[in-house]
Amino acid sequence: MNNEKYDIAILGAGESGVGAALLAKKQGVEPFVSDAGPISDAFKQELINANIAFEESGHSLETLHSVKEWVKSPGIPDSIPLIKDGIDAGIAVISEIEFAYRYFDGKIMAVTGSNGKTTTTSLIYHVLKTAGKNVGLGGNIGTSFARLILDHTYEMVVLELSSFQLDGIVKFRPDVAVVTNISPDHLDRYDYDIDKYIASKFRITENQVNSDVLVHYQDGQYISDYLAHQIIVPQKVAFDVGKDIGLTDEDFARMPLQGPHNRMNMMAAYIATEYWIEEEVIKEAFETFETIPHRLQYVAEVEKVRYYNDSKATNVDAVLFALQSFDEPVVWIAGGVDKGNDYSVLEEHLHNVKALVCLGTDNSKLLEFFGGKINPISEASSMKEALDQATDLCGNGDVVLLSPACASFDLFKNYEDRGEQFCELVHKMMDNKLVNN
């Protein structure tokens, strides 16, 4: 293997890694892709078609250390020996977001936060698209930034960004940055230190200039406290549930998105887009917006029980928003891989939770905290088992809510797989009832 021919190494061959490799190749930067595990057939074929060198199920350290820059996929922690050794050797380790930024000269609207970022990102994109803008949508929401700009020239892009993606930026600068909110999440990647997690989120604004804008949720804890001790260069625009932004209660009532958390998402999207789009166009776009799969997604009503898929709720604050959206009795399905959750924030919001079904391989933390607070509590080791238990606990007018508060990879491929299994089983229940009737 001729190590001298590679200009850049890309660690991880998922969506972001392969996207970065394809963009590098197009830009005349020779990439080498290395993945510690197997590469999916689809991504492998893309690399082969583009004549990109790759390896799987292990890293060739000699080859990697012959390259002076690595693009690291967001799923790879900074703490592993490979990354630490690379940095100690003087290798620059950046994210795919930073790499793609080098080859884009349009406007960037970037959204981060612990909760609501997918909905807010999608709302912003929908408003801009409805207004006729030449706009792309990507980042953590599905299509990597690199792949997004591979074959398209956009006037602007809207990016959802995770803290992991922001950890690897150097010069990346959005024209409008949005921080939806911050609550403890992914603390296992930040030494269980909330201050490190907050600082990671606010890297979204570190390269902004005076003419840029930072839109942020105005809370009484993490964001406000952080901003009070930081020098923020761009214009700051705060929003909260009581802010008047030109949307009335009647306006909100016509929107397909409901609940206090979605009101905040709409406020963030409204403020972020009003710099370019007229108020009436924003309102019209909001009214035609389609809800996001796996985020408080209404699935169906079966025998007077309504089922909601909130599989993307992988932390406690997301569950809090979900529980606050219902006045009806709720049978709650939760569980998975705990990420350092503090369930005490839910304690005052359990009045309408009539039962809890714990879905995971280790439910000990849920059982310990909610035992005596919710009755009954049961355990399930598959989605079908969980759904059967939840349905048996329901009466007319109740809600079954899948809102896990945890990561999914103990029993599922990802949160999408978890939500899709839930929806598929609910639809089967509905079909069976129709046939039997």
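The values are calculated or read from the model by the stated rules, or taken from the named source; none is laboratory data. This one's a predicted model, so the numbers in the text were calculated from it and none came from an experiment. As a convention, Cβ positions derive from the backbone with ideal geometry for all residues, glycine included, and neighbour counts pool all protein chains shown.
What is the residue count in segment 129-154 for residues that are in a loop (DSSP other than H, G, I, E, B), touching a residue at least 24 places away in the same chain (Cβ under 8 Å) and under 18 Å from the mean Cα position of the chain (by Cα)?
4
The rows are residues; the columns are (1) in a helix (DSSP H, G or I); (2) of a type in the set (A, V, I, L, M).
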position	(1), (2)
I204	yes, yes
L214	no, yes
D219	no, no
D225	yes, no
I231	no, yes
K236	no, no
P256	no, no
H261	yes, no
A300	no, yes
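Only one of these is surrounded by 14 or more Cβ atoms within 10 Å (Cβ to Cβ), hydrophobic (A, V, I, L, M, F, W, C) and assigned to a strand (DSSP E or B): L320, L346, L356. Name it.
Values: L320 fails: assigned to a strand (DSSP E or B); L346 fails: assigned to a strand (DSSP E or B).
Checking each option against the conditions leaves just L356.
Checking T288 against (1) out of contact with any helix residue (DSSP H, G or I) (no Cβ under 9 Å at 6 or more places or on another chain); (2) modelled with pLDDT under 90: exactly one of these is not met. Which one?
All conditions are met except number (1).
Tell me the residue from Y226, Y298 that is of a type outside the set (A, V, I, L, M, F, W, C), under 30 Å from V400 (Cβ atoms) and touching a Phe, Trp or Tyr at 6+ places or on another chain (Cβ under 8 Å), please.
Values: Y226 fails: under 30 Å from V400 (Cβ atoms).
After ruling out the rest, the residue left standing is Y298.
Out of curiosity, is V302 over 28 Å from V176 (Cα atoms), out of contact with any strand residue (DSSP E or B) (no Cβ under 8 Å at 6 or more places or on another chain) and among the hydrophobic types (A, V, I, L, M, F, W, C)? Reasoning before the result, please.
On the way: over 28 Å from V176 (Cα atoms): yes; out of contact with any strand residue (DSSP E or B) (no Cβ under 8 Å at 6 or more places or on another chain): yes; among the hydrophobic types (A, V, I, L, M, F, W, C): yes.
Criteria met by V302.
So for segment 182-192 (the condition being of a type in the set (A, V, I, L, M, F, W, C), surrounded by fewer than 18 Cβ atoms within 10 Å (Cβ to Cβ), touching a residue at least 40 places away in the same chain (Cβ under 8 Å) and outside the structural domain of V71 (by TED's automatic domain parsing)), does at least one residue qualify? Steps first, answer last, please.
Here is the first cut: in segment 182-192, the residues of a type in the set (A, V, I, L, M, F, W, C) are 182, 187.
Still in the list and also surrounded by fewer than 18 Cβ atoms within 10 Å (Cβ to Cβ): 187.
Filter once more, so that each one left must be touching a residue at least 40 places away in the same chain (Cβ under 8 Å): 187.
Remaining after also requiring outside the structural domain of V71 (by TED's automatic domain parsing): 187.
Checked against the condition, which is being of a type in the set (A, V, I, L, M, F, W, C), surrounded by fewer than 18 Cβ atoms within 10 Å (Cβ to Cβ), touching a residue at least 40 places away in the same chain (Cβ under 8 Å) and outside the structural domain of V71 (by TED's automatic domain parsing), segment 182-192 yields at least one hit.
Checking A390 against (1) over 22 Å from the mean Cα position of the chain (by Cα); (2) small (G, A, S); (3) surrounded by fewer than 21 Cβ atoms within 10 Å (Cβ to Cβ); (4) not in a strand (DSSP E or B): exactly one of these is not met. Which one?
Result: A390 fails condition (3) only.
Please go through (1) farther than 13 Å from V399 by Cβ; (2) surrounded by 21 or more Cβ atoms within 10 Å (Cβ to Cβ) for D310 and return the number of the only condition it doesn't satisfy.
Every condition holds for D310 apart from (1).
I need a count of the residues in segment 198-250 that are among the aliphatic types (A, V, I, L, M) and either surrounded by fewer than 19 Cβ atoms within 10 Å (Cβ to Cβ) or over 22 Å from the mean Cα position of the chain (by Cα) (or both). So that I can check it myself, show each step before the final result.
As a first pass, look at segment 198-250 and keep what is among the aliphatic types (A, V, I, L, M): 198-199, 204, 209, 213-215, 223, 227-228, 231-233, 237-238, 241, 245, 247.
The next check asks that each one be either surrounded by fewer than 19 Cβ atoms within 10 Å (Cβ to Cβ) or over 22 Å from the mean Cα position of the chain (by Cα) (or both); those that pass are 199, 209, 227-228, 231-233, 237-238, 241, 245, 247.
The total comes to 12.
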